[in-house]
Amino acid sequence: MSEGNVTSPPSLIDILAKSTGQEIVELRKLRDQAASTGHTLDRVLMTRGLDEVAVLRAFGEDLDMELITEFQGIQVPKLFVDNVPLSFARAHDMVAVAVDNGVLVVACAHPLDIHPQDDLVAMLPCAVRFALGSRAHITELINRAFRHRADGVEDALDDLEGTDIAGLAAELEDSEDLLDVANKAPIIKLVNSVLFQALKLRASDVHFQPYTDRLQVRFRIDGILYDMESIPKKAQDAITSRIKVMGKMDIAERRMPQDGRATIRIGDGEVDVRISVVPTAEGERCVLRLLDKTARSYHLEDIGLDADNLKILKHYLNFPHGIILVTGPTGSGKTTTLYGGLTQISTGEKNILTIEDPVEYQLDGISQVQVNTKKGLTFAAGLRSFLRQDPDVMMVGEIRDVETAEIAIRAAITGHLVFSTVHTNDAPSTITRLIDLGLESYLVSSSLVLVIAQRLVRTLCRTCHTWLEPSDQDIGTLRAIGLETSMLKDGKFARSVGCDDCFHSGYQGRTAIYELLAMTETMRDLVMKEVSAAELKRAAIAGGMKTLRQDGMAKVIQGVTSPEEVMRVTQLDLM
């Protein structure tokens, strides 16, 4: 072949055009923009909303770097965790994924960030090879890798020694960034570090519980409380004052309960914090509810509904009018299910209004109103005013009294789809509860279209997940929820033996089990006759309803959760 026929390798712009589907002219403009602003090209491309994996794939081809797309099951080498500060790993989106013949393989999300890569190499006592990975995967892996370190809590506790802690609690920004602790006072650094650790461990609540000799920090993870750090008693008042400042409460008031709200940031993500402070004999007790806006999924496919229940729910979501009720105890995921339903039907063609106490998460395209009882804005008052707002769909946070229930029924009968929650044990007892409130049975029968009962069960940890043949004791537990060994896959059921990732509990994360009661003609006739909840349940099961326990049994067979979890949350479920 002659020299004139040698083809030059494709340029980065050509590779990017092929990988992302963007026009070459547009990509050249972005390249020039990057050069003029001093930003790297990869970061400019990301800000334009291009598919991250497609961009990384192109850079990987141009720079001869491996692209890692599968992060499931990766364990970050201890060498990385011991030598690289968490703040550095998070700031530059880099994490080690393997050791290959003595070379540490590090995944990074920004291939052109040369200086941080050089800094990382200087931190590590071994050779390093860089690969590429998406920012979301790398962040999740960093969170898992560093979750068992104190994340600055121990350092912050050390800083308290010999420090005059009086007056250190009052510094506050409108939106506190938990990663920015470098120049903070020790008390502020300590509280921020505790909250950061809580968010990494997926805690829903942080308790600062005073004892005679210490202030105990406790995290609620997957519904279970765990003891974490113990803080010296002398720092208790300063920490309480700092938390009150965050929630814009009265620091001087120590004898009355107080409530407040705050917003904290982790990098570019925001977390709402609801704060409650109550006086106890040992001092003030603080509980912080963390509402991480970035960590929730409001898609019906992701919340635990099986194929049959998902089909039923989607069918009724398309009804033009009627009431859909979700029932279960506090903390059973009712709001998540309601938000999932609203997200499903929020297409821009419908006017959707909600009244909640409180508004936990903002949903795009939906008008959400917060209850304010001091000003007279109750569920009933809000719902009544919604009827003058030309609504298609309305959600009322909870039906607590007959007034709210009557307005909801009136709205449903006059052509609106209404969502709400009640507190009952199962779906059939919801119907009898409405009648007990004082509603006429014919109104309940004509307005109600679907009742959803649910509970949250902890899911088995995927890291230490294994399939076992049941022992005699296991067989007894399985039978207690209605499962025989012949119903299991290959006669085995799933267990998680416990590992560092799940605090040796065997569980990590939660999912929901459901019971969907559709108001068929048979059910409407029974409601009109005001039969008992037990009779309604028998008729619903005969009509094909899957009970909470039966849905739990299916999730045990699939290896999603354990029989003990299903037993724990369905004690009152009558088969």
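The values are calculated or read from the model by the stated rules, or taken from the named source; none is laboratory data. Given the structure is predicted, the values throughout are model-derived calculations rather than measurements. Cβ: placed from backbone, ideal geometry, glycine included. Neighbour counts: every protein chain shown. These accessible areas exclude ligands, DNA and RNA; they are computed on the full protein's heavy atoms, side chains included. Shrake-Rupley method; radii C 1.70, N 1.55, O 1.52, S 1.80 Å.
Considering each of T404, T421 in turn, give the residue that is polar (S, T, N, Q) and not in a helix (DSSP H, G or I). Walk me through how you get there before you give the answer.
Working: T404 fails: not in a helix (DSSP H, G or I).
None of the others qualify; the one that does is T421.
Suppose the filter is open to solvent by less than 30 Å² (accessible area, probe 1.4 Å), over 28 Å from I13 (Cα atoms), in contact with a helix residue (DSSP H, G or I) (Cβ under 7 Å, 6 or more places away or on another chain) and touching a residue at least 40 places away in the same chain (Cβ under 8 Å); does L86 pass it?
Details: open to solvent by less than 30 Å² (accessible area, probe 1.4 Å): yes; over 28 Å from I13 (Cα atoms): yes; in contact with a helix residue (DSSP H, G or I) (Cβ under 7 Å, 6 or more places away or on another chain): yes; touching a residue at least 40 places away in the same chain (Cβ under 8 Å): yes.
Yes: the conditions hold for L86.
Filter the range 48-68 down to residues that are farther than 25 Å from A96 by Cα and of a type outside the set (G, A, S) and give me whichever is modelled with the lowest pLDDT.
We begin by selecting, within the range 48-68, every residue farther than 25 Å from A96 by Cα; these are 48-50.
Add one more test, that the residue is of a type outside the set (G, A, S), and what stays is 48, 50.
Working: R48: 72, L50: 77.
Once the filter is applied, the top-ranked residue is R48.
Since E398 meets every condition but one in (1) open to solvent by 20 Å² or more (accessible area, probe 1.4 Å); (2) touching a Ser or Thr at 6+ places or on another chain (Cβ under 9 Å); (3) assigned to a helix (DSSP H, G or I), which condition does it not meet?
The failed condition is (3).
Tally up the residues in the range 4-45 that are over 39 Å from the mean Cα position of the chain (by Cα), at pLDDT below 80 and outside any helix (DSSP H, G or I), please.
So the count comes out to 4.
Go through the range 294-377 and tell me which strands (runs of 3 or more DSSP E), entirely inside it, have 2 or more residues that are of a type outside the set (V, I, T) and either open to solvent by less than 20 Å² (accessible area, probe 1.4 Å) or within 24 Å of D426 (Cα to Cα) (or both). If you could, list the steps in order and put the result at the bottom.
Numbers: elements: 322-327, 352-356, 367-370.
Qualifying strands (runs of 3 or more DSSP E): 322-327, 352-356.
Could you tell me how many of the residues in the range 38-73 are among the β-branched types (V, I, T) and open to solvent by less than 30 Å² (accessible area, probe 1.4 Å)? Full working, then the answer.
Kept after step one, since they are among the β-branched types (V, I, T), are these residues of the range 38-73: 40, 44, 47, 53, 55, 68-69.
From the residues that got through so far, the ones that are open to solvent by less than 30 Å² (accessible area, probe 1.4 Å) too are 44, 55, 68.
Summing the residues that are among the β-branched types (V, I, T) and open to solvent by less than 30 Å² (accessible area, probe 1.4 Å) in the range 38-73 gives 3.
For the range 283-293, indicate whether the set of residues that are assigned to a strand (DSSP E or B) and open to solvent by 60 Å² or more (accessible area, probe 1.4 Å) is non-empty.
Initially, the range 283-293 is screened for residues assigned to a strand (DSSP E or B), giving 283-292.
Subsequent filtering for residues that are open to solvent by 60 Å² or more (accessible area, probe 1.4 Å) retains 289.
Yes, the range 283-293 contains at least one residue that is assigned to a strand (DSSP E or B) and open to solvent by 60 Å² or more (accessible area, probe 1.4 Å).
Mind listing whichever residues of the range 35-59 are of a type in the set (G, A, S) and either in contact (Cβ under 8 Å) with a residue 12 or more places away in the chain or touching a Lys or Arg at 6+ places or on another chain (Cβ under 8 Å) (or both)?
A54, A58
When only residues in the range 420-436 that are more than 23 Å from V569 (Cβ to Cβ) and in contact with a helix residue (DSSP H, G or I) (Cβ under 8 Å, 6 or more places away or on another chain) count, which is least open to solvent (accessible area, probe 1.4 Å)? Step through it out loud before you land on a result.
First, pick out the residues of the range 420-436 that are more than 23 Å from V569 (Cβ to Cβ): 434-436.
Remaining after also requiring in contact with a helix residue (DSSP H, G or I) (Cβ under 8 Å, 6 or more places away or on another chain): 434-435.
Values: L434: 10, I435: 35 Å².
Looking at the filtered set, the residue picked out is L434.
Which residue pairs have Cβ atoms closer than 9 Å, lie 6 or more positions apart in sequence or on different chains, and pair a first residue in the range 490-504 that is on the phi > 0 side of the Ramachandran plot with a second residue that is hydrophobic (A, V, I, L, M, F, W, C) and part of a loop (DSSP other than H, G, I, E, B)?
G498/C461; G498/C464; F503/L201; H504/C464; H504/V497
Considering each of V560, V527 in turn, give the residue that is under 17 Å from P470 (Cβ atoms) and in contact with a helix residue (DSSP H, G or I) (Cβ under 9 Å, 6 or more places away or on another chain). Quick ask: steps written out before the conclusion?
Details: V527 fails: under 17 Å from P470 (Cβ atoms).
Of V560, V527, the one residue that is under 17 Å from P470 (Cβ atoms) and in contact with a helix residue (DSSP H, G or I) (Cβ under 9 Å, 6 or more places away or on another chain) is V560.
Can you name every residue in the range 525-575 that is within 27 Å of the chain's Cα centre (by Cα) and hydroxyl-bearing (S, T, Y)?
Passing the criteria: T547, T561, S562, T570.
For T463, only one of the following conditions fails: (1) over 29 Å from the mean Cα position of the chain (by Cα); (2) over 30 Å from A539 (Cβ atoms); (3) of a type in the set (S, T, Y). What is its number?
Status for T463: all satisfied but (1).
With (1) under 19 Å from Q454 (Cα atoms); (2) free of Cβ contacts under 8 Å to residues at least 12 places away in the same chain; (3) among the aliphatic types (A, V, I, L, M) as the list, and I513 as the residue in question, which single condition is left unmet?
Here I513 clears every test but (2).
Checking V569 against (1) open to solvent by less than 10 Å² (accessible area, probe 1.4 Å); (2) within 26 Å of L468 (Cβ to Cβ): exactly one of these is not met. Which one?
With (1) open to solvent by less than 10 Å² (accessible area, probe 1.4 Å); (2) within 26 Å of L468 (Cβ to Cβ) applied to V569, the lone miss is (1).
Let me confirm something: among A122, A156, A96, which residue is surrounded by 14 or more Cβ atoms within 10 Å (Cβ to Cβ) and either assigned to a helix (DSSP H, G or I) or modelled with pLDDT under 80 (or both)? Before you say what the answer is, go through the steps one by one.
Values: A122 fails: surrounded by 14 or more Cβ atoms within 10 Å (Cβ to Cβ); A96 fails: either assigned to a helix (DSSP H, G or I) or modelled with pLDDT under 80 (or both).
Exactly one of A122, A156, A96 is surrounded by 14 or more Cβ atoms within 10 Å (Cβ to Cβ) and either assigned to a helix (DSSP H, G or I) or modelled with pLDDT under 80 (or both), namely A156.
Hey, any hits in the range 220-234 for a residue that's farther than 29 Å from R90 by Cβ and in a helix (DSSP H, G or I)?
From the range 220-234, those farther than 29 Å from R90 by Cβ are 233-234; that's our starting set.
Pick out the ones that are also in a helix (DSSP H, G or I) and you get 233-234.
Yes, that holds for at least one residue.
Taking into account only those residues within the range 519-537 that are at negative phi and part of a loop (DSSP other than H, G, I, E, B), which is least open to solvent (accessible area, probe 1.4 Å)? I'd like the intermediate steps shown before the answer.
Start the filter on the range 519-537 by keeping residues that are at negative phi, which leaves 519-529, 531-537.
Cutting the leftovers down to part of a loop (DSSP other than H, G, I, E, B) gives us 519-520, 529, 531-532.
Values: M519: 10, T520: 67, K529: 148, V531: 27, S532: 55 Å².
The residue in question is M519.
Out of L56, L67, L86, which single residue is over 30 Å from C464 (Cα atoms) and not basic (K, R)? Even if it seems obvious, please write down each step before you answer.
On the way: L67 fails: over 30 Å from C464 (Cα atoms); L86 fails: over 30 Å from C464 (Cα atoms).
Unique residue meeting the criteria: L56.
Name the residue, out of R455, R479, R462, R510, that is open to solvent by 20 Å² or more (accessible area, probe 1.4 Å), at pLDDT 90 or above, among the charged types (D, E, K, R) and not in a strand (DSSP E or B).
Values: R455 fails: not in a strand (DSSP E or B); R462 fails: at pLDDT 90 or above; R510 fails: not in a strand (DSSP E or B).
R479 is the lone residue from the list that is open to solvent by 20 Å² or more (accessible area, probe 1.4 Å), at pLDDT 90 or above, among the charged types (D, E, K, R) and not in a strand (DSSP E or B).
Any idea which of (1) open to solvent by less than 10 Å² (accessible area, probe 1.4 Å); (2) farther than 28 Å from D222 by Cα; (3) in contact with a Lys or Arg (Cβ under 9 Å, 6 or more places away or on another chain) is the one A408 doesn't satisfy?
Tallying (1) open to solvent by less than 10 Å² (accessible area, probe 1.4 Å); (2) farther than 28 Å from D222 by Cα; (3) in contact with a Lys or Arg (Cβ under 9 Å, 6 or more places away or on another chain), A408 fails exactly one: (3).
Quick one: which residue in F71, F80 is more than 20 Å from C126 (Cα to Cα), aromatic (F, W, Y) and either modelled with pLDDT of 90 or more or in contact with a Ser or Thr (Cβ under 9 Å, 6 or more places away or on another chain) (or both)?
Working: F80 fails: more than 20 Å from C126 (Cα to Cα).
After applying the criteria, what remains is F71.
Mind listing just one residue for me: the one in the range 482-497 that is modelled with pLDDT of 90 or more and of a type in the set (A, V, I, L, M, F, W, C) and, of those, most open to solvent (accessible area, probe 1.4 Å)?
By that ranking, first place goes to M487.
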